[in-house]
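The values are calculated or read from the model by the stated rules, or taken from the named source; none is laboratory data. These figures come from a predicted structure and were not determined experimentally. When we count neighbours, we look across all protein chains shown, and the Cβ atoms used for this are built from the backbone with ideal geometry, even at glycine.
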Amino acid sequence: MPTLNISIPGIQKVLDGISSVNDLSRQAERHTISDIKARANTWVAQAVNSIYTINKNQIKWDKAKKDPAIMRKAGKILVKGDTIDNISLTYRGNLLSPIRFKMTPSAPTGNDYNLSMEVYKGKRKTIGRYKTRRTRGGLYAESTGGILMPTGAKSVDKAQYIPFKRQSKSRKDIIPFKTVSIPQMINNPTVRERIQKALAVNVNKRLKHNIDRLSKQGLTR
């Protein structure tokens, strides 16, 4: 589970500069913390989506449980901290199915098909090949790549097919095909660097916005 600690260069200097105005300092920081908790996950999702094809909405808080028409989110987030310097975002999530990464086809075609996904933007990868006519003892006799199989879901709003892979000759020795998790995507060095840059820019903007807004309300007395 990766934890993103909010460490913003220059923030403390800004806070020190208004420390003589206690009401303004405390309120500006409090409002900024609320902004971080409300918006940071969006900034993180944008950084992840710049590299991976997963929908940004799937990286946000898991609010879809009560709405059966929406696919459940791919991960969860825990936000802790009561000052700007100790805010942290902890992400949790299991390995994800290719259905979240532009998998094609999404259902069996009745003909031969190549199953593919695009985890990284612009890099489509074949993960399985299905043949309507198979040769005993052939290439996929004892194991397979991804092959679409029904989930048994009764609701049309849920995934009807997901890829499985066979581990041996036994027809029952199959497991779901999995890719990466939200925590793994966030730990990608490029993604993590972009997240830190986004946090630095946006947290500074929110703090300065709150200082200006509260100053105009007359809290600098």
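The single condition among (1) more than 21 Å from residue 48 (Cβ to Cβ); (2) within 25 Å of the chain's Cα centre (by Cα); (3) modelled with pLDDT of 90 or more; (4) not acidic (Asp, Glu) that residue 184 does not satisfy is (1). Tallying residues that are part of a loop (DSSP other than H, G, I, E, B) and either of a type outside the set (Val, Ile, Thr) or exposed (fewer than 14 other Cβ atoms within 10 Å of the Cβ) (or both) within segment 76-91 yields 3. Based on this model, can you work out whether residue 99 counts as modelled with pLDDT of 85 or more, in contact with a Ser or Thr (Cβ under 9 Å, 6 or more places away or on another chain) and assigned to a helix (DSSP H, G or I)? In short, yes.
Considering every residue within segment 167-175, establish whether at least one is out of contact with any strand residue (DSSP E or B) (no Cβ under 8 Å at 6 or more places or on another chain), closer than 30 Å to residue 47 by Cβ and not β-branched (Val, Ile, Thr). Checked against the condition, which is being out of contact with any strand residue (DSSP E or B) (no Cβ under 8 Å at 6 or more places or on another chain), closer than 30 Å to residue 47 by Cβ and not β-branched (Val, Ile, Thr), segment 167-175 yields no hits at all. Restricting segment 33-62 to residues that are assigned to a loop (DSSP other than H, G, I, E, B) and not β-branched (Val, Ile, Thr) leaves a set whose member that is modelled with the lowest pLDDT is 62.
No other residue among 151, 144, 190, 179 is of a type in the set (S, T, N, Q), at pLDDT below 80 and either on the phi < 0 side of the Ramachandran plot or surrounded by fewer than 17 Cβ atoms within 10 Å (Cβ to Cβ) (or both) apart from 144. Criterion first (modelled with pLDDT of 85 or more and on the phi < 0 side of the Ramachandran plot) does residue 86 satisfy it? So residue 86 does not fit the description; no. Does residue 94 fit the bill of being assigned to a helix (DSSP H, G or I), out of contact with any Cys (no Cβ under 9 Å at 6 or more places or on another chain) and at pLDDT below 90? In short, no.
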